[in-house]
Structures are given as C-alpha cells and as structure tokens.
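Here the structure is laid out as structure tokens; the discussion comes afterwards.
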Amino acid sequence: MVKAIRVSGLTKFYGDLLAVDHISFEVEEGEIFGLLGPNGAGKTTTIKMLTTLLRPSDGTAEVCGYDIRREPDAVRRVIGIVFQEPSLDLELTGRENMEFHARLYDVPKGEMDARIEELLQLVELQDWADRLVRAYSGGMRRRLEIARSLLHHPRVLFLDEPTLGLDPQSRRHVWSYISRINREEGVTIILTTHYMEEADQLCDRVAIIDKGRIVALDTPEKLKGIVGGDVLTLEVGPEAKRLMEAIRRRGLARNIQMVRGQITLMEKDGEALIPVLLRLAEEVGVSVNSVSLRKPSLDDVFLYFTGERIRSQAPEPMMMWRMRMMRRGR
Amino acid sequence: MGELKAIYTIWLREMLRWRRDRASLLSSMMQPLFWLFIFGVGMGRSVRLGVSGVSYLTFLAPGVIAQNILFTAFFGGVSVLYDLEFGFLKEILVAPISRGAIVTGKVLGGATTAFIQGLIVLCLSLLLGVRYNSPLGLAASLGVMALLSMAFMALGLALASGLERAASFQRIGRFTTMPMWFLSGALWPLDQCPTWLRLLILLNPLTYGVDALRTLLIGVNKINIALSIGVLTAFTLIMLGLGTYLFSRKEA
C-alpha cells in the first residue's frame, strides 16, 4: 500500500549549516502526524522540502507515491499547505482569496462556489467572506488559510505551526477544526509545532526533532511511557550541580537532567523519592526552593532525549510544595 | 487550458487589487499632468523646434504617454517582491502551475494597468488641446502602447525576480527609469543632439516606443516604425524569457 508520506535520508544544507540531517520516517494514510521540536530544529525546512518549495541537498521523499524531486507538479496537486507565516492577500476579501486558490488548482466552476461556502462554514467565517482580509484577526486569518488549503480536496495537508501566535482560545478553535478535517474529509495531516500540548492532544504519532535529526518517534502515550512514571522537578539555584552529583552518586534516579538551576528526575515512584531527596539536600548543604511532581509531558520526553527543554516554562504541576529551607526560616 | 486559466487567475488578482487602489491611480496621474501642463506649456513658449508645424506640447505629448507607461509598468514589477514580503508568493509558488504562466499572468496584469494609465494620459493631452493626426493613427498607437506596457512590465519583473527586497528594487528603479526617460528623445528631437548622446538614446528601448507613438500620433518620425516595433517586440520576448528564468529560481 502507498504510504501518505515516505521520507528517506532527507537532508538540507544552507551553505555549511546542516539544517536537516538525513531524516527518514513514514506517515500512514489518515494519520495526524506531528513534528515536535524547538525553533530552528529543522521542522519548517523539512516541510518546505516535502511541499517542493525547497530542493533537498540529499535524500528524497514521496508524497502519495510521487517523488518530490522528480514529480513536483504531481506532489503539488495532492497536497494542501498552511504556512507558518500568513500567505493571504490582505487587499482581497476572504472569498476572493478562496476563489483565487480554487482557480489555480482548477477546481471545476460548478463545484467552486458550493465548496467555498461549505469550507467557510466549517471555519465559521461565512459572515466575513466579503470583507477584506486586512480586517481579519490573526485567528480568523489562520482559519481562512486552513479552509483555503482544503479547497482542492488535498490528500495530505501540511500545517506548519498552525497555532503560532494565537491566543489560547483561538488555539483550541483551530485544534478542533484540525481534528474535524481529519475525520470528515479523511485527510492525512502532518503538522509541525513547538507546543507540547498541541502534539499531545492532536497527533496520532509524534516525531521529536532536534538539530535536524529525529530523536524519537512514536505515539504520545508511548513516548511518555519511555520517560517513566513521574517527573520530579527541584528548583535549586546556583548550587544545583552539587546536589545533582550527590543524587548521581547515590544512584537515586535512572534519568536526571539539569537545566539552569533546575534539576529534573524521571522515576517510577516519585512521591516516595521526595523526602529522600530533601534529606540528601540537607546533608550536602544545598537549599531547595521548591519541589514539583507531575506526570511526564512531551517536553520531558524531549528533555530525556536531548538534555534540553523545548521551552523553559514548565507545564502545570500535579502538586507543588513551596518549601523554604528551615535555615533561611522565619 | 490549465495554463490559460492560471494566467487568467493571476491577471484577475492584479486587476482586483488595482481597482481597489484608487489613491495610487490618482497620484500616478499627477506626474504626466505636471509634464504636460507645466513643462509642456511653459517650455513651449520659449522652445522653437526644428519640426515644422508642431507645437512643443504636441511634440512632448507622445513622450509623456510613453513615460507614464514606462513608470507604471516598470514599477509594477515590484509586486513580485511585495508578494514575497507579505508571504502571498508562497501560495502562488506552491500551486500546480508553471512558472511561465505565473510570469505571463503578472506581466499581463501590470501591463493592463500601465496601458489604461497611458490611455488616460492620451485623453488628458486631448483635453489640454493637443491635436493628433488621424483616427487610424490613434487606433494604431494603442497597439504600440500595449507593446510598451508589456515590454517595461517584463523588464521590471525580470529585475524584481533577481532581487530579494522591495526596497532595493525601488532604489535601482529610480536609477534606471530616470535616465531612460531623459535619454528617450521624448524631450527633444533625436537629430538635434551630439553623436555620443544620440548613441545612448538609440540604446534605450523607450526611444523606439516614443518614436513609434510620435509617428502614429503626430506624423513626426526619425526611426522606421517597423524597426521600432521589431526592437520593442524582441526586447519584450527577451525580458519575458529572462524574467521566467530568474523567477523559477526563486525560493519562498
């Protein structure tokens, strides 16, 4: 059976800079597939190569069985794209932007108007159809772009950071459209994001990408399973290194990472470990400002594989103690 | 059939945008008015041309028509770079249409705008009292105006396709269009200047447009019109080819 996408050894150099480093993966038909990674990891470059906007330096890929190097026109006909930066004509109305796209993709005249109406309704923009896009909010523009990308019934839809810069409410809106499109139109979706929640909630499978390479690829559940049962985070400060070495010496956790004065441990029975760690901190004379315990997120998976965080802000903890050490005490 | 539809689609978008942009249409009319009304009328009092029976204003008018076409068409090329900067070019580049169709649609769009503006200048000159020879010449001059519009839109587009930023296009554009205008034989007759200057003028494609328009509109002629039309046609085709080549190397 033909895979929706088959990537083999895809590589892109910008001069000396290796942006995408021989990546390979496959996407099944009907899947929502996520490329998760920090800015500059090579996600957008990958998407641009898969959508024929950039020529690969090495390797290739097939989209619906068409080779991106040898058959770019055939690839363009079966894909839809929503770019990271908006690609609308602000001086045209929403409907005119849609009509432009429909004509370029040769959507039959008889079908065009009904299809545009249907999609504008899907993204709830029918009342705005005849206003200039200039007047749209960021979220509305994104929704219009999603609707536009579906006009020609693409088999694979590429979404590059579909919710970048949107407020939380618009973000949830866009998520629900993406799931609906996937269900109702049967479109395979490949999206890039640096939001863990987005990958976690939307995607059937996620490839974690860092410095141009795929470091892990699986369902969000399985990826989080790799990390283990609990994630413990200790806010320490400048003395973090000393405490971390002590924890290592005792062999208290199988995975331990330090990012800017914050120690993260991934271990099965996190709760039982808290008093042990605090006692150890006392022993080595390091003060711990706070301890948090939670279930692993994809950010922790990223940390586990790369030793870095996708972004420095930690998600909501399951429980949190603010603990001032007694010595500083009242 | 797909190609034609693609060309039409690209052209239609340019027309929709242009129709909304009344301010720029009005402001682009100011320059030809200035040249005809102030320069043409003012200079006309003190200039005696070696051309019999033709006032300076009449002599100047075909040149101002050509100039307005040059400026409108040439700077129309920048729309590719605005599309690039506003992100819309990605939408066009990723569509399953040929680069040649994109370039042709863009050129036809910009050329239509320039042609209409040239037509407006023609009407303005009539209002200012310029009298042209014959209805037939007037009709034929429309063909030359269309050709001029294509030629300079293709030039502008080829330049824009070789650049990355709209700002650099504007800078280079000012450097290019000003000499083209002054070295086109639009302001003074070709045979009344030194040889080195005449050589420069003959290297300028605009010269052939001005002369062809003058031939058809007022019957004053320095260059064989068949040669002029041949030069303009060849120039247009070369620029279209160059533009398509440069454009297809663009990565959004």
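The range B:80-135 and the range A:98-114 have Cα centres lying 24 Å from one another. The Cβ shell under 14 Å around residue B:244 holds other residues with a net charge of +3, Lys and Arg each +1, Asp and Glu each -1.
Rounded to the nearest 10 degrees, the inclination of helix B:56-76 to the longest alpha-carbon principal axis of chain B is 10 degrees.
The alpha-carbon of residue A:224 sits under 18 angstrom from the alpha-carbons of these lysines, leaving out residues fewer than 8 places away in its chain: A:268, A:295. Using a/c under 1.5 as the rounded threshold, could you call the protein assembly as shown rounded, prolate or oblate? The axes a ≥ b ≥ c are square roots of the C-alpha gyration tensor eigenvalues, and prolate needs a/b larger than b/c, oblate otherwise. It comes out prolate by the Cα gyration axes.
Sorting A:70, A:131, A:115, A:142 by the number of Cβ atoms found within 10 Å of their own Cβ, with the fewest placed first, yields A:70, A:131, A:115, A:142. When the alpha carbon gyration tensor of the range B:1-136 is reduced to an equivalent ellipsoid, the three semi-axes, largest first, read 37, 15, 12 Å. The relative contact order of the range B:1-121, computed from alpha carbon pairs under 8 Å that lie at least 6 residues apart in sequence, is 47 percent. Convex hull volume of the C-alpha atoms in chain A, normalised per residue: 164 Å³.
Overall, the protein assembly as shown carries a charge dipole of about 1560 debye about its Cα centre when +1 sits on the Cβ of Lys and Arg and -1 on the Cβ of Asp and Glu, all other atoms neutral. Under a cut-off of 19 Å between alpha-carbon atoms, report the aspartates and glutamates in cross-link reach of residue A:3, not counting same-chain residues fewer than 8 places apart. Here the aspartates and glutamates satisfying the reach criterion relative to residue A:3 are A:26, A:28, A:29, A:31, A:62, A:67, A:71, A:73, A:185, A:204, A:218. Modelled spin-label separation between residue A:67 and residue A:39, with each label point placed 7 Å from Cα along the Cα-to-Cβ direction: 3.7 nm. Placing dummy labels 7 Å off each Cα toward the beta-carbon, the span from residue B:227 to residue A:126 is 6.6 nm.
Close amide H contacts of residue A:217 (hydrogens built in the peptide plane, cut-off under 5 Å, sequence separation of 5 or more or a different chain): A:208.
Among A:151, A:37, A:51, whose Cα lies farthest out toward the positive end of the dipole of the range A:18-177, if unit charges sit on the beta carbon of Lys, Arg (+1) and Asp, Glu (-1)? Working it through, the farthest residue towards the positive pole turns out to be A:37. The Kirkwood radius of the range B:59-216, taken over pairs of alpha-carbon atoms, gives through the Stokes-Einstein law at 37 °C and 0.692 mPa s a diffusion coefficient of 199 µm² s⁻¹. Sorting A:22, A:101 by the number of Cβ atoms found within 10 Å of their own Cβ, with the fewest placed first, yields A:22, A:101. Per-residue shielding of A:84-91, expressed as the average number of other chain Cβ atoms within 10 Å of the residue Cβ, stands at 6. Entry note: the range A:213-267 has Rg to Rh equal to 1.05, where both radii use alpha-carbon atoms and Rh is the Kirkwood radius.
Run the dipole for the range A:95-166 about the Cα centre, Lys and Arg Cβ at +1, Asp and Glu Cβ at -1, nothing else charged, and hand back the magnitude in debye, nearest 20. Using Cβ point charges on Lys, Arg, Asp and Glu, the range A:95-166 gives about 160 debye.
Taking every residue in B:91-101 and counting other chain Cβ atoms within 10 Å of its Cβ, the average works out to 6. For the range A:114-230, the square roots of the Cα gyration tensor eigenvalues, ordered a ≥ b ≥ c, give a/c of at least 1.5 with a/b greater than b/c, which places it in the prolate category.
Put the Cα centre of the range A:115-137 next to the Cα centre of the range B:15-67 and the gap is 44 Å. About its Cα centre, the dipole of the range B:96-243 is roughly 180 debye, where the only charges are +1 on Lys and Arg Cβ and -1 on Asp and Glu Cβ. What's the angle, to the nearest 10 degrees (0 to 90), between helix A:270-284's Cα axis and the longest principal axis of chain A? Helix A:270-284 sits roughly 50 degrees off the main axis of chain A. Taking each residue as 0.36 nm, the span from residue B:175 to residue B:23 lengthens on full extension beyond its C-alpha to C-alpha distance by 52.3 nm. Over all other residues within a Cβ to Cβ distance under 9 Å of residue A:204, the charged ones net out to -1, with Lys and Arg as +1 and Asp and Glu as -1. Placing R0 at 45 angstrom, the Cβ-Cβ distance between residue A:204 and residue B:245 gives a FRET efficiency of 0.55 after rounding to 0.05. Please say if the range B:1-43 is rounded, prolate or oblate, where rounded means a/c under 1.5 for a ≥ b ≥ c the square roots of the C-alpha gyration tensor eigenvalues, and otherwise the choice is prolate for a/b larger than b/c and oblate otherwise? Here the range B:1-43 falls in the oblate category. Taking Lys and Arg as +1 and Asp and Glu as -1, the other residues whose beta-carbon sits under 15 Å from that of residue B:18 total 0. A straight line joining the Cα centroids of the range A:38-89 and the range B:178-252 runs 42 Å. The convex hull defined by the C-alpha atoms of the range B:155-245 has an orientation-averaged projected area of 6.5 nm². Taking chain B as the reference, fit the longest principal axis to its C-alpha atoms, fit the long axis of helix B:225-248 to the helix C-alpha atoms, and give the angle between the two in degrees, 0 to 90, nearest 10. So the inclination is approximately 20 degrees.
None of the figures in this text is laboratory data; all of them are computed from the coordinates on show. Here the structure is a predicted model, which means the values were calculated and not measured. Note: ideal-geometry Cβ built from the backbone for every residue, glycine included; neighbour counts use all protein chains shown.
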